[in-house]
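Let me begin by presenting the structure, written as structure tokens, before commenting on it.
The values are calculated or read from the model by the stated rules, or taken from the named source; none is laboratory data. It should be emphasised that the depicted structure is a prediction, and the values quoted were computed from it without experimental measurement. Counting neighbours? That spans all protein chains shown, and the Cβs are built from the backbone with ideal geometry, glycine included. Side chains included, ligands, DNA and RNA excluded: accessible areas come from the protein's heavy atoms. Shrake-Rupley method; radii C 1.70, N 1.55, O 1.52, S 1.80 Å.
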Amino acid sequence: MTIGICADHAGFPLKEELVAYLRKKGYGVRDFGTFSTDSMDYPDVAHPLAEAVLAGEVGCGIALCGTGNGMAMSLNHHAGIRAGLAWNKAIAELVKAHNNANVLVMPARFISPAMARLIVRTWLGTAFEGGRHQRRIDKIEPAR
Ligand code: RB5
């Protein structure tokens, strides 16, 4: 599976670590930037990642910014994207098992690289439970 990844300047150092970690684990990685710690605007990389996930160009996505909130807000503007914020192992598990997040968002300024790797490992290794959770997901996007 190829995983899309993006970060703003606050998430850039952690993104570099995760790209290396994921490649070492055998995943394909498509890096949407940013590529330095120069200040930039998180929507500029969040939107291309969301579009690639929706187009099936990548199997899922990982996004990083300082708090995770800017990335989550930008990504969740796209119908079909379920970007979920996780900062520990239990939430990483639940954001897949219950919310079937297709983009994992992490707060780069508030977690260690070791915690980020544990979150990624857990999210990738957890299955969606379906059932009542599928019903709830089906209600996320309001009927037009
Ligand atoms: C950048 O300073 C910071 O605002 C950004 O990384 C993120 O936390 C926004 O949600």
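Of all residues in segment 110-128, count the ones that are within 16 Å of the ligand (Cβ to nearest atom) and either touching a helix residue (DSSP H, G or I) at 6+ places or on another chain (Cβ under 9 Å) or closer than 19 Å to residue 1 by Cβ (or both).
Restricting attention to segment 110-128, the residues satisfying the condition of being within 16 Å of the ligand (Cβ to nearest atom) are 110-111, 116.
Then drop every residue that is not either touching a helix residue (DSSP H, G or I) at 6+ places or on another chain (Cβ under 9 Å) or closer than 19 Å to residue 1 by Cβ (or both), which leaves 111, 116.
Going through segment 110-128 one residue at a time, the tally reaches 2.
Which of the residues that make up segment 86-103 are on the phi > 0 side of the Ramachandran plot and in contact with a strand residue (DSSP E or B) (Cβ under 6 Å, 6 or more places away or on another chain)?
Applying the first criterion (on the phi > 0 side of the Ramachandran plot) to segment 86-103 yields 100.
Correct list: empty.
When segment 62-90 is examined, which residues are found to be among the hydrophobic types (A, V, I, L, M, F, W, C), more than 14 Å from the ligand (Cβ to nearest atom) and within 13 Å of the chain's Cα centre (by Cα)? Give the steps one after another, and end with the answer.
As a first pass, look at segment 62-90 and keep what is among the hydrophobic types (A, V, I, L, M, F, W, C): 62-65, 71-73, 75, 79, 81, 83, 85-87, 90.
When the remaining residues are screened for being more than 14 Å from the ligand (Cβ to nearest atom), the result is 62, 79, 81, 86, 90.
Answer for segment 62-90, where residues must be among the hydrophobic types (A, V, I, L, M, F, W, C), more than 14 Å from the ligand (Cβ to nearest atom) and within 13 Å of the chain's Cα centre (by Cα): 62, 81, 86.
Restricted to segment 1-12, and to residues that are over 17 Å from residue 70 (Cβ atoms) and open to solvent by 10 Å² or more (accessible area, probe 1.4 Å), which residue is farthest from the ligand (Cβ to nearest atom)?
Step by step, filter segment 1-12, then rank; the result is 1.
What number of residues within segment 16-61 are buried (at least 16 other Cβ atoms within 10 Å of the Cβ), within 16 Å of the ligand (Cβ to nearest atom) and assigned to a loop (DSSP other than H, G, I, E, B)?
Final tally of qualifying residues: 5.
Can you tell me how many residues in segment 101-121 are under 20 Å from residue 53 (Cα atoms) and either hydroxyl-bearing (Ser, Thr, Tyr) or surrounded by 17 or more Cβ atoms within 10 Å (Cβ to Cβ) (or both)?
So the count comes out to 8.
Among (1) surrounded by 18 or more Cβ atoms within 10 Å (Cβ to Cβ); (2) not in a helix (DSSP H, G or I), which single condition is residue 96 missing?
(2)
Could you give every pair whose Cβ atoms fall below 9 Å, whose first residue belongs to segment 99-115 and is over 16 Å from residue 73 (Cβ atoms), and whose second residue is of a type in the set (Ser, Thr, Tyr) and in a loop (DSSP other than H, G, I, E, B), counting only separations of at least 6 or pairs across chains?
Sorted first by the residue in segment 99-115, then by its partner, the pairs are 109/67; 110/67.
Residue 91 versus (1) assigned to a helix (DSSP H, G or I); (2) of a type in the set (A, V, I, L, M); (3) open to solvent by less than 40 Å² (accessible area, probe 1.4 Å): which is the lone unmet condition?
(3)
Being within 16 Å of the ligand (Cβ to nearest atom), touching a strand residue (DSSP E or B) at 6+ places or on another chain (Cβ under 9 Å) and closer than 20 Å to residue 125 by Cβ is the requirement here; does residue 106 meet it?
yes
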